[in-house]
1. Just the residues that are outside any helix (DSSP H, G or I) and within 31 Å of the chain's Cα centre (by Cα), please, taken from the range 271-320.
2. Just the residues that are more than 19 Å from ALA179 (Cα to Cα), in contact (Cβ under 8 Å) with a residue 24 or more places away in the chain and not aromatic (Phe, Trp, Tyr), please, taken from the range 98-127.
3. Filter the range 66-92 for residues that are among the aliphatic types (A, V, I, L, M) and over 19 Å from GLY191 (Cβ atoms); which is farthest from the chain's Cα centre (by Cα)?
4. If you check VAL209 against the conditions, is it modelled with pLDDT of 90 or more and either part of a loop (DSSP other than H, G, I, E, B) or in contact with a Gly (Cβ under 6 Å, 6 or more places away or on another chain) (or both)?
5. (1) at pLDDT 90 or above; (2) touching a Ser or Thr at 6+ places or on another chain (Cβ under 9 Å); (3) of a type outside the set (Lys, Arg); (4) surrounded by fewer than 18 Cβ atoms within 10 Å (Cβ to Cβ): which one isn't true of TYR186, the others all being true?
6. Looking only at the range 49-70, count how many residues are crowded, with 23+ Cβ neighbours inside 10 Å and either outside the structural domain of THR111 (by TED's automatic domain parsing) or in contact with a Ser or Thr (Cβ under 6 Å, 6 or more places away or on another chain) (or both).
7. Those residues that are among the hydrophobic types (A, V, I, L, M, F, W, C), under 13 Å from LEU49 (Cα atoms) and not in a strand (DSSP E or B), I need them from the range 1-22; list them, please.
Amino acid sequence: MSFAVVDFETTGILPSYHHRVVEIGVTHVEDDGTISSRWETLINPERDLGPQRIHGIHAADVLDAPTFSDVAAEFAELLQGRVFAAHNASFDLRFLQAEFERAGYWLDGGTPHVCTMILGSRFGLGGSCSLSHACATYGIDIGHAHSAGADSFAAARLLAAFHAQSNTRPEWLDYWQQAAESGRAYSYPPGRRTGVAVKVRSDVGAAPVSFLERISTDAQRPRVEGAGAQYVALLDRCLIDGLISVSEGAQLAEVATELGLTRDAVDEIHRDYFVELERRAWADGILTEDERATLRDVGALLGLDDEAVAAAVDDVAPVAGTGQAASAFELSPGDLVVLTGEMLRERSEWEADLRERGFVPHPSVTKKVKLVVAADPDSLSGKAKKARDYGIPIVGEEWLATIVFPKQHEEVR
């Protein structure tokens, strides 16, 4: 008898509400209880990620992760000929069925399975024992809870413990035998592997590659008239909150290529833009410590050398420019603001504060919207995707708290 112990991290609890899988973990357990292999991957759900505070996955983590369709064939191979097992298996089976069907695979209903939560009740752990409690009872270190790989591995060791405790008892022999036979007889849909690489959580901690590395040193096409101004307009929108998200970096690199800008040309634009930012900071005759910190951060984001950044944050005001520095982004009374994602504060509280200050919370993204505030600036939600298509700035909740309401919402910093 062999098992494929599965765990899904998801955007919510009901696939019928269009919730999706965001991470898969599979652990193989052999007849003798040994762990023979482990497999895991993050999944790009092509929508917002739901309760990120639970699973700890951010949109930037899954932008270059495979979709479920990309790994469906490989995943099915990992399940084939084994007994499907999970903790609270009914939950995982709902998503198993929904994701395979969405990917174009027919999965016969009634997948044979073993549920470690139900088994736990038969071993004195109670009817709805959590994985963490069951593992603690059996002295199993669960590791990174709510990580599909870690939870799958923990559930696999729990299953091995249950099996070792019961496989010699006559009253359990039929149970395990029937589970083995049904698992071997069940067929998962065959498919062709896509060759798309998996992405595991251990890859997430690596330092992200700067968007500048994506810009070619050689022009890919003729330079468009007014390319510098168009690039700066996008750069200014991206830097409203003093950050360049992964999505924004990808946009900047793509636009630079479309405009015929080389890496050297972009570096020159960044230097000129940075000088204008310095002039903007000195407009009132004072350079505050917050402004110095912002200049240092932006200088690093734009790939400027230490000397250029040091010159910008010294006590010497820059020479007045011949051109006018771009004005800082501001929200004005009557501006439409869209909120998206599960935020730290209740959305109704944010909406009340916005209305109190004359701004208009709006339920959907149109070309008239001034700003989108996302729980995750790299959000894959429909609202965030449409905002990027329309060129509407996207900022995080922290920016809304510290810039728009600097005194009232310090707790979300």
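The values are calculated or read from the model by the stated rules, or taken from the named source; none is laboratory data. None of the values given here were measured: they were computed from a predicted structure. Quick reminder, even Gly has a Cβ in these numbers, built from the backbone with ideal geometry, and neighbours come from all protein chains shown.
1. Of everything in the range 271-320, those that are outside any helix (DSSP H, G or I) and within 31 Å of the chain's Cα centre (by Cα) turn out to be LEU302, GLY303, LEU304, ASP305.
2. Those that are more than 19 Å from ALA179 (Cα to Cα), in contact (Cβ under 8 Å) with a residue 24 or more places away in the chain and not aromatic (Phe, Trp, Tyr): ALA98, GLU99, ARG102, ALA103, GLY104.
3. The selected residue is VAL83.
4. Against the criterion (modelled with pLDDT of 90 or more and either part of a loop (DSSP other than H, G, I, E, B) or in contact with a Gly (Cβ under 6 Å, 6 or more places away or on another chain) (or both)), VAL209 does not qualify.
5. Going through the list (1) at pLDDT 90 or above; (2) touching a Ser or Thr at 6+ places or on another chain (Cβ under 9 Å); (3) of a type outside the set (Lys, Arg); (4) surrounded by fewer than 18 Cβ atoms within 10 Å (Cβ to Cβ), TYR186 breaks only (4).
6. 2
7. ILE13
Yes or no, residue by residue, for (1) at pLDDT 90 or above; (2) part of a helix (DSSP H, G or I); (3) in contact with a helix residue (DSSP H, G or I) (Cβ under 7 Å, 6 or more places away or on another chain); (4) not small (Gly, Ala, Ser):
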| site | (1), (2), (3), (4) |
| --- | --- |
| GLY81 | yes, no, yes, no |
| GLU99 | yes, yes, yes, yes |
| GLY110 | no, no, no, no |
| ILE118 | yes, yes, no, yes |
| ALA155 | yes, yes, yes, no |
| ALA179 | yes, yes, no, no |
